[in-house]
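Step one of this worksheet: look at the structure below.
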Amino acid sequence: MDRSTTRRSNRKGSVWIVALVVAGLLTGCGTNPTTPAVTTTGATTASTTTLPPEMTSETAATTTPARPAVRPLDGPRAVSDEWILRTGETMRLTESGEDTDLLIAWVQIENTGDRSLTVSSLLSIGMTDNVTEEKADVPDLVEALLRISEVDPDGSTLDGEILPGERLSGWIYGEFPSGVSDVTVSVTTEATADASQTETLEVDLIYQQ
């Protein structure tokens, strides 16, 4: 091999070495392949949320609104072949300057029969003063509901349909002259399919002064 051929071979080798070095430098000036760039357009991908110290991701995911407290039904009760009437807390709602009281009671009906029953807190409830035998006046419905919601924001009145095997709870109410404490409550249910088929149960309730 002559010297001219050797020189050309050396130059070609040098050119390849230089090309590889330049390519390596250019690659190093680009984006690091181990940390790819992310471009967001509108939506944020894989965002993180900082929770308060007292919360974890698990507690945040399982937190649900608190349920209303279960009211005891430890008052007088009455039983028929088709349903059970249970009573619980009684309250006397008074307003300054008024000579009447709104008497309310927490009541539950359990349908133990084989047909649906319907009850209305306005139409199905009777309240009688056992001393004077005077019946309760029907209060202004809107005002009565507002006053009940002041003492029980989660409470509801005894209204609706009770399917066989189910229970319905709610407040009943009546307006009396101030001072009435011994009251008989009557509750009449109707068969949903035939309103002429009714049944009434009664209990005696005592309201504290």
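The values are calculated or read from the model by the stated rules, or taken from the named source; none is laboratory data. Predicted model, so just to flag it, every value in this text is computed and none were measured. Every residue, glycine as well, gets a Cβ built from its backbone with ideal geometry; the counts of neighbours run over all protein chains shown.
Sort out for me the strands (runs of 3 or more DSSP E) sitting completely within the stretch 158-209 that have 1 or more residues that are within 12 Å of R115 (Cβ to Cβ) and in the same structural domain as D114 (by TED's automatic domain parsing).
160-162, 182-191, 194-206
Kindly indicate whether T184 is touching an Asp or Glu at 6+ places or on another chain (Cβ under 8 Å) and modelled with pLDDT under 95.
The answer is no for T184.
Considering every residue within the stretch 146-155, establish whether at least one is more than 13 Å from A105 (Cα to Cα), within 27 Å of the chain's Cα centre (by Cα), in the same structural domain as E98 (by TED's automatic domain parsing) and part of a loop (DSSP other than H, G, I, E, B).
Taking every residue of the stretch 146-155 in turn, at least one turns out to be more than 13 Å from A105 (Cα to Cα), within 27 Å of the chain's Cα centre (by Cα), in the same structural domain as E98 (by TED's automatic domain parsing) and part of a loop (DSSP other than H, G, I, E, B).
Restricting to the stretch 92-133, name every residue that is surrounded by fewer than 19 Cβ atoms within 10 Å (Cβ to Cβ), touching a helix residue (DSSP H, G or I) at 6+ places or on another chain (Cβ under 7 Å) and more than 30 Å from A193 (Cβ to Cβ).
L93, the sole residue that qualifies.
Please specify each residue of the stretch 129-153 satisfying the condition of being closer than 18 Å to G88 by Cα and either touching a Ser or Thr at 6+ places or on another chain (Cβ under 9 Å) or aliphatic (A, V, I, L, M) (or both).
I148, V151
Any chance you could count how many residues in the stretch 70-91 are among the polar types (S, T, N, Q) and either closer than 19 Å to A195 by Cα or free of Cβ contacts under 8 Å to residues at least 40 places away in the same chain (or both)?
Final tally of qualifying residues: 1.
Out of the stretch 136-176, which residues are exposed (fewer than 13 other Cβ atoms within 10 Å of the Cβ) and within 18 Å of Q209 (Cβ to Cβ)?
Answer for the stretch 136-176, where residues must be exposed (fewer than 13 other Cβ atoms within 10 Å of the Cβ) and within 18 Å of Q209 (Cβ to Cβ): just V151.
How many of the residues making up the stretch 90-112 are in contact with a strand residue (DSSP E or B) (Cβ under 8 Å, 6 or more places away or on another chain) and either within 14 Å of L146 (Cα to Cα) or among the hydrophobic types (A, V, I, L, M, F, W, C) (or both)?
Of the residues in the stretch 90-112, 10 are in contact with a strand residue (DSSP E or B) (Cβ under 8 Å, 6 or more places away or on another chain) and either within 14 Å of L146 (Cα to Cα) or among the hydrophobic types (A, V, I, L, M, F, W, C) (or both).
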